[in-house]
Structures are given as C-alpha cells and as structure tokens.
Amino acid sequence: MTTVKQHPVLQGRAPQTFSSLLDSFFQDTVNNRRVQGFTPAVDLWETEKTYEVELALPGVTKENINVEFEEGVLRVSGERTFKKENQDQKYHRVENLYGKFRRSFQLPEHIDAAAIDAQFENGVLHISVPKVEEKVVKHQISVK
C-alpha cells in the first residue's frame, strides 16, 4: 500500500462534487479576469507628416475616454465598465477584461501639439499627431 501525502496548499481545496469543482473553476476565472484590468492594444506608425496612434477600445464609450498632451507625453486614459444587468445572473465565463486603463506615449519634440486630432469610431480611437519642421538646436556659422 502506498501513502500519498497531500500538499499543504491543496488541503481543504478538494471539491466535494463535480458540480462544486465547476463552480470553483468558473468563479476563480471570473474573479481573476476582473482583477487583471483592461489594457487596450495599440498600433503606432509614422508618415511623412504625422505620427499615428490607434487604440482598440471595444465596449468603451466616447465619454469614458480622456486624451491629453503634456510635456511631450500623449496620455490616453479611461474605463471599460462591466455591465451586470441582472443580479441573479451567474456567469460561467468572462473572457473580456474590464477596468480603468492608461497608456502613455513619449513623442518627439517636433510636433504641433495644438493640432493633435482624436477620432473615435467603431471601438477604435485614432489619434493623429502632426509634425512640424525641425527646430535648429545647433548650427555652425562660418566666419567670413
């Protein structure tokens, strides 16, 4: 006869029935997903005249988005809220992430901050940051 010693962490965690195992699994999954928070996916690219930023914000309303520029940093923040319409609902799986988010992007010096444009359509926030001609930081002057 072989004796199996149970790991101390697992003691008291064994389910009594298969049903309670499923309940435990789904409850852990739902709770962990809500705690993780929401971080939107971002695409960044550059054209000859602009820097472009796109954020995927499915389920976020325009009113829950804040875009600001300060000291060379473009910040996008907001919140994707979990809408539990009925308290009697028992979720078995929640794979979407919810919560407050904040993304920051350090931009080059040579941009026109006053002309930054943000458009939100179909769950995608598109921000266009126009470039300006480079400022002369150092210039060698020839002596005649």
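Some values worked out for this structure:
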| quantity | calculated |
| --- | --- |
| Selection within the range 103-122 - under 15 Å from the mean Cα position of the chain (by Cα) and surrounded by 13 or more Cβ atoms within 10 Å (Cβ to Cβ) | R103, F105 |
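Residues checked against (1) of a type in the set (A, V, I, L, M, F, W, C); (2) modelled with pLDDT of 90 or more; (3) open to solvent by 70 Å² or more (accessible area, probe 1.4 Å); (4) closer than 16 Å to G123 by Cβ:
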site	(1), (2), (3), (4)
Q16	no, no, yes, no
L21	yes, no, yes, no
A56	yes, yes, no, yes
E68	no, yes, yes, no
T81	no, no, no, yes
E95	no, no, yes, no
F101	yes, yes, no, yes
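The values are calculated or read from the model by the stated rules, or taken from the named source; none is laboratory data. The structure presented is a predicted model; accordingly, all values stated were derived computationally and were not measured. Here Cβ is always computed from backbone atoms with ideal geometry, including for glycine, and neighbour counts include all displayed protein chains. The area values use the complete protein model at the heavy-atom level, side chains included, leaving out ligands, DNA and RNA. Shrake-Rupley method; radii C 1.70, N 1.55, O 1.52, S 1.80 Å.
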